[in-house]
Amino acid sequence: MAHFSYVAIDKNGKEKKATVESDSVDKVELQLRKDGLIPISVKESSALSQDISLGNSNKIKPRDMGVFCRQFVSMTSAGVSIIDALAMLKDQTENKKLAAAISDTKDEVQKGHTLAESMGSQPVFDEMFVNMIDAGEASGNIETAFSRMAVQFEKNAKVQGLVKKSMMYPMVLCVVAVAVFLIMVLKVIPGYATMFSETGMTLPGITIAMMSISEFLKEYWYLVLLVIAGVVFLIRMYKKTEQGKAFFGKLAIKIPIFGKLNVKTYSALFARTLSTLLYSGIPMIDAIDAVANTMKNTLFKNQLKQARAEVAKGIALSEPLRNGGLFPPMVVHMLSIGEETGNIEEMLDKLANYYDEEVEITTQTVMAAMEPMIIVVMALIVVILIAAIMAPMLAMYDQLGSI
């Protein structure tokens, strides 16, 4: 699928802009009309325009969505009407995008639209969330749907937080290491080298090498920045291609240390999301499709898409997942038991809780494993820098001693 940017007008005459994923312009326009929008322009996004538009993403943080769902349930459970609840939530929601979406949703509900239809016209509410609310309205369990989504968002926020935490420490140390290296190479070592070269002594090879690096960075620093920016841009463009998605998807689950963490994270997301959708009465085929769309790793997404096709033929979900080989045996085994006992939602909940704990434990393990590795790398950098400084001094002492 390609990415398409559109400009449309809603029933109130307000202009809406967003980027969606679809097969063609015609399908995007058809979906916009179904959502009650009048398309003004629809065009395929280039890789460059997609990169630029990243800062204007319509997505809301899972933690904010979890708070919104919890507050909605608390208000409606206390007897507050949906319209009044939305009005109060609009005023107390700190996230401006979410507050604006809640306000527009309230206006649509007041016009007679269902809550799901009203939320479906707002880009900040994804398809899975809207489907959950739609199913909750149809079954008369809208508070249950919001409660389940609150748990979903809270769990997602926790997993994302753990993954970010595991990356924060090494990233900070890498930044510090680069900063120390640049200061030493650009400021400290040139001063020492100049002082010793004035004495007429021959500088050691390691000091000369550091001096060469220093001179190159001072002279061609802009080229270094351009090369780094170019490499980052090319990688991001490559990641948007099907070949790139497959390469980085495979790399994410095969890379040492982080591979197992990523697999467990996707397993927890799969189990929690599928359980939430099935509890709300969404058919298995539609639920699998929705779960596949939540997967950022293209390997997991494609496997679930293939599994959906197999389930549509009457095959149990556990079979294509077992044959695919991406999900751990525990996922397949628990899912198979749930299918046999007819209690698949409860089994998926237990599976999700298990992998949530596994993600937390694995994150701590990754942190523990990376700390000594990072210390060794930083120690190596420090040793090289100290050697570049001390070598001329030792050489000078040797010369003085031989006089």
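The values are calculated or read from the model by the stated rules, or taken from the named source; none is laboratory data. Quick caveat: nothing in here was measured; it's all calculated off a predicted structure. We place every Cβ from the backbone using ideal geometry, glycine too, and count neighbours over all the protein chains shown. Side chains are part of the model used for accessible areas, which takes the heavy atoms of the whole protein and leaves out ligands, DNA and RNA. Shrake-Rupley method; radii C 1.70, N 1.55, O 1.52, S 1.80 Å.
A few notes on this one:
- When residues of region 323-333 are limited to those that are without any contact (Cβ under 8 Å) to a residue 24 or more places away in the chain and either assigned to a helix (DSSP H, G or I) or farther than 20 Å from T265 by Cβ (or both), the one least open to solvent (accessible area, probe 1.4 Å): V332
- Residue tally, condition open to solvent by less than 60 Å² (accessible area, probe 1.4 Å), under 17 Å from V331 (Cβ atoms) and of a type outside the set (A, V, I, L, M), over region 254-291: 11
- Unique residue being in contact with a Leu (Cβ under 8 Å, 6 or more places away or on another chain), more than 26 Å from T365 (Cα to Cα) and assigned to a helix (DSSP H, G or I) when the list is Q303, Q243: Q303
- In region 36-72, residue farthest from D84 (Cα to Cα) [restricted to those that are among the charged types (D, E, K, R) and modelled with pLDDT of 75 or more]: K43
- Residue within region 314-322 that is in a helix (DSSP H, G or I), of a type in the set (G, A, S) and open to solvent by less than 50 Å² (accessible area, probe 1.4 Å) present: yes
- Considering residues of region 103-120 that are more than 17 Å from F68 (Cβ to Cβ) and polar (S, T, N, Q) only, the residue nearest to the chain's Cα centre (by Cα): T114
- Qualifying residue in region 156-166 (condition: among the hydroxyl-bearing types (S, T, Y), surrounded by fewer than 20 Cβ atoms within 10 Å (Cβ to Cβ) and in contact with a helix residue (DSSP H, G or I) (Cβ under 9 Å, 6 or more places away or on another chain)): no
- Subset of region 292-309 (residues that are free of Cβ contacts under 8 Å to residues at least 60 places away in the same chain and open to solvent by less than 60 Å² (accessible area, probe 1.4 Å)): A292, M295, N297, T298, L299, F300, K301, Q303, L304, A307, A309
- Scan of region 126-146 for residues that are surrounded by fewer than 18 Cβ atoms within 10 Å (Cβ to Cβ) and modelled with pLDDT of 85 or more, ordered by number: E143
- Test: residue in region 127-137 that is on the phi < 0 side of the Ramachandran plot, in a loop (DSSP other than H, G, I, E, B) and not charged (D, E, K, R): no
- Filtered by the rule that a residue be of a type in the set (D, E) and farther than 21 Å from G281 by Cβ, region 135-190 gives a lone residue, E154.
- Hey, F270 part of a helix (DSSP H, G or I) and more than 27 Å from G140 (Cα to Cα) or not: no
- Per-region count, region 77-88, residues at pLDDT 90 or above and of a type in the set (S, T, N, Q): 1
- The residue that is surrounded by the fewest Cβ atoms within 10 Å (Cβ to Cβ), counting only those in region 216-253 that are more than 30 Å from G325 (Cα to Cα) and in contact (Cβ under 8 Å) with a residue 12 or more places away in the chain, is K218.
- Residues (outside any helix (DSSP H, G or I) and in contact with a helix residue (DSSP H, G or I) (Cβ under 8 Å, 6 or more places away or on another chain)) located in region 273-300: S280, G281, I282, M295, N297
- Of the helices (runs of 4 or more DSSP H) lying entirely inside region 56-123, those containing at least 1 residues that are hydroxyl-bearing (S, T, Y) are 62-77, 96-110, 115-120.
- The set of residues in region 355-390 that are without any contact (Cβ under 8 Å) to a residue 12 or more places away in the chain and polar (S, T, N, Q) comprises Q364, T365.
- Annotation: L89 fulfils all but one of (1) touching a residue at least 12 places away in the same chain (Cβ under 8 Å); (2) surrounded by fewer than 20 Cβ atoms within 10 Å (Cβ to Cβ); (3) over 30 Å from S22 (Cβ atoms); the unmet one is (2).
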